[in-house]
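Peer 1: Shown below is the structure under consideration.
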Amino acid sequence: MKCYFVPPDDHEPSDLPDFDEDDDAGSGITSLSPALLARHGARVLDPSTAPSAEGWPPPRPTVYRTRTLLVPPRFQRAPYLGAINDVLARAGMRLVPVADHGGDDVDGPLAAIPVTAVLAETDGDGPPTVVDAWTALTALRTAAVRRDVPFDRADAARFGLEHLLLGAAITGSPAVDGSPAVDGSPAVDGSPATSYRSGTGDARIPVMVYADAPYRMAAADCAARYGRRPVIAVPDTGLRAHPWLDVRRAPPPGRGYVTDVPDGFAQVDQPMQDAIRASGQAAAAAGDWARRPIKDPWDTPVTANPLVGELDVATGHGTYIAGIVRQVVPEATVLSIRIMHSDDVVYEGDLTEALKQLVSRVDQAQDPANPRPELMVDVVSLSLGYFCESPPDIAYTSGLKIAIDALLDRGVMVTAAAGNYAVRRRYYPAAFAAAPRPPGTVPLVSVGALNPNGTRAMFSDGGRWVTAWASGAVGVSTFPVDVNGSLTPQAEVPGADGQTRESLDPDDLSGGWVAWSGTSFAAPALAAWVMRALLEGAAADPALTLSEPAPAATASRALYALRDRGWRER
């Protein structure tokens with residue numbers, strides 16, 4: 001495996017023109033299908049037709065959900081809510097607070113994080129209104145500039161669209177509503193990026209692996225040597241069955257999957273998953289009709305269209321990532337959190353809720369009065385992202401950045417995929433790595449993908465905001481052993497002995513292994529590589545033991561591991 005950090009002074013070659021990455025002509029927005037957008041109640045923001053708020057810069061292209069905004073909790077209450085709805089009424093809309101966000105505390109440490117609020121038509125007998133989040137947002141921002149509401153421009157900047165994030169794996173399976181080049185893969189058919197896909201258009205290529213699972217030290221031995229097992233949280237598609245991950249189908253009459261192996265490699269946090277589900281269901285009940293709440297921790301369904309039977313593009317995404325960690329640092333535990341739908345889509349509100357839940361879990365682990373190191377999370381790996389419509393504001397107003405900074409402030413390392421659009425335009429949350437962090441604190445690491453020979457992958461985004469690179473092209477890892485799509489082998493030949501011979505079935509992935517590509521896999525690969533250094537430090541120096549969960553100790557360990565791998569403070 002190849003990984004490296006970009007030194008602070010290692011910019012692009014000097015013969016390239018000096019320009020802001022956010023002015024990149026390549027927007028990075030592929031042509032998402034109408035079916036996908038309709039499925040999730042979303043729309044592409046087109047700057048050529050979208051109005052700008054008074055006193056605000058013109059927007060950039062992005063994808064957003066039409067019936068929701070992300071609004072800090074205190075602005076969803078009196079006295080602000082009445083003023084907000086007075087403004088929105090002029091556009092035929094109103095803001096409906098969402099009742100259950102997992103116990104929001106308007107005065108707590110996470111109070112500034114915007115949470116989902118629903119847009120609905122105003123009551124009355126007027127003409128039908130087209131509910132649109134961008135129209136609502138521009139109206140509120142204009143009102144703030146004109147001082148028509150009891151909050152200022154800085155407050156209004158914390159109101160935002162709920163973006164539709166996409167996974168950062170190369171996709172392009174024909175299952176994506178008929179198009180072989182959407183949902184995260186480069187948009188141009190026939191481009192060099194197609195070399196990362198099979199002849200069927202699916203980027204997942206079934207392969208065979210002859211190795212046994214890497215040896216995993218027993219829990220007691222791990223505790224004696226390192227203090228405890230390291231934990232990497234993976235908010236993603238969730239998992240399906242694979243023996244390397246200690247995940248199997250639930251026995252009858254159960255449904256879904258179980259991780260009931262004592263000290264198993266993969267774990268789920270059911271209360272955390274329940275909070276994500278409750279948040280989504282509350283938004284749907286408040287009028288976000290197109291919302292599809294994440295119902296459980298498992299990677300289901302396999303296909304969005306059972307009549308066709310072709311595999312969804314993100315099926316197996318989380319299982320593959322967990323397998324990378326098992327190969328690189330088998331002593332770790334993967335904490336799997338499902339937020340991604342099987343068609344590669346993530347709602348920003350669900351990701352924000354997951355990060356808030358992780359912050360709360362770390363706070364419990366680090367409680368000085370009653371520390372609980374068994375709840376500690378050492379690394380969070382994010383394999384998803386979006387392009388922001390307002391780059392000048394996002395580094396200071398995004399709820400995702402607030403939540404990520406909260407994890408970093410607690411000493412938890414976060415890695416984020418740089419995206420697969422082959423552009424320099426900033427891709428979030430990875431591009432938050434460009435924002436300065438206080439000296440001596442843990443950084444966010446944005447990760448681009450390397451080819452097997454160590455060169456930078458053609459599909460990977462790049463730019464000064466990408467701070468590390470890791471293997472992410474045509475890697476081999478675990479895949480669910482119960483996945484078989486509708487495609488069939490191209491050739492079948494009856495044998496004289498009655499045994500049929502056949503060519504490769506391109507979407508029978510039940511062998512449990514695939515080759516796949518994407519910055520989705522570079523981010524956890526780099527995270528696992530650093531986690532190995534974390535364990536090496538804990539074994540060599542009692543001051544770096546993992547048994548101490550306090551923020552200062554956690555940050556000290558993370559910084560040691562990062563520096564050991566070549567990271568230098570920017």
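Values quoted throughout were computed directly from the atomic coordinates according to the rules given, and no laboratory measurement underlies them. The structure presented is a predicted model; accordingly, all values stated were derived computationally and were not measured. As a convention, Cβ positions derive from the backbone with ideal geometry for all residues, glycine included, and neighbour counts pool all protein chains shown.
Peer 1: Positive end of the charge dipole of the chain (Lys, Arg +1 and Asp, Glu -1 on Cβ, about the Cα centre): tell me which of 83, 559, 487 has its Cα farthest that way.
Peer 2: The residue sitting farthest along the positive end of the dipole is 559.
Peer 1: Okay, moving on. Per the helix-only calculation at 222 nm, which mean residue ellipticity applies to the chain, given -39500 (n - 2.57) for every DSSP H run of n ≥ 4 and division by its residues, nearest 500 deg cm²/dmol?
Peer 2: Details: 12 runs with 141 residues, N = 570.
Helix contribution divided over all residues of the chain: -7500 deg cm²/dmol.
Peer 1: What percent do you get for the relative contact order of the chain when only Cα pairs under 8 Å and 6+ apart count? Write down the numbers at each step before the final one.
Peer 2: On the way: 1321 pairs, mean separation 108.0, N = 570.
Averaging sequence separation for qualifying contacts and normalising by length gives 19 percent for the chain.
Peer 1: Does the stretch 115-156 come out rounded, prolate or oblate by the C-alpha gyration tensor, with a ≥ b ≥ c the root eigenvalues, rounded set by a/c under 1.5 and, if not, prolate when a/b is larger than b/c and oblate if not?
Peer 2: Values: a/c = 2.45, a/b = 1.82, b/c = 1.35.
Prolate is the answer for the stretch 115-156, as a/c is 1.5 or above and a/b outweighs b/c.
Peer 1: Taking the Cα centre of each part, how many Å lie between the stretch 302-376 and the stretch 130-155?
Peer 2: Their Cα centres are 34 Å away from one another.
Peer 1: Go through 113, 135, 47 and say which Cα lies farthest out towards the positive end of the charge dipole of the stretch 26-167; charges sit on Cβ, +1 for Lys and Arg, -1 for Asp and Glu.
Peer 2: 47
Peer 1: Among all helices in the chain defined by DSSP H, which have a length of 30 Å or more along the axis from Cα atoms plus a Kyte-Doolittle mean of at least 0.5? List each step's numbers first, then the result.
Peer 2: Values: long enough: 519-540 (32 Å, 1.10).
What comes out of the filter, once short or polar helices are dropped, is 519-540.
Peer 1: For the stretch 240-388, what is the Kirkwood hydrodynamic radius in Å, using each pair of distinct C-alpha atoms? List each step's numbers first, then the result.
Peer 2: Numbers: mean 1/r = 0.0596 Å⁻¹.
When all Cα pairs of the stretch 240-388 are included, the Kirkwood radius is 16.8 Å.
Peer 1: I would also like to ask the following. Counting DSSP beta bridges in the chain, what percent are antiparallel, to the nearest 5? Each step should come with its number before you reach the end.
Peer 2: Values: 39 of 63 bridges.
Here the share of antiparallel DSSP bridges comes out near 60 percent.
Peer 1: Take the alpha carbon gyration tensor of the stretch 26-167, find the square roots of its eigenvalues, order them as a ≥ b ≥ c, and report rounded if a/c is under 1.5; if not, report prolate when a/b exceeds b/c, else oblate.
Peer 2: Values: a/c = 1.41, a/b = 1.28, b/c = 1.10.
Since a/c stays below 1.5, the shape of the stretch 26-167 is classed as rounded.
Peer 1: Now for a separate question. Give me the Kirkwood hydrodynamic radius of the chain, using the inverse of the mean 1/r over all pairs of distinct Cα atoms, in Å to one decimal. Walk me through the numbers on the way to the answer.
Peer 2: Details: mean 1/r = 0.0413 Å⁻¹.
It is 24.2 Å.
Peer 1: Obtain the nm distance between the two label points defined at residue 33 and residue 563 by a simple spin-label model: each point lies 7 Å from its Cα along the Cα-to-C-beta direction.
Peer 2: Output for this residue pair reads 5.1 nm.
Peer 1: With +1 on each Lys and Arg Cβ and -1 on each Asp and Glu Cβ, how big is the dipole of the chain about its Cα centre, in debye rounded to the nearest 20?
Peer 2: Details: 49 positive and 69 negative charges, 135 e Å.
It comes to approximately 660 debye.
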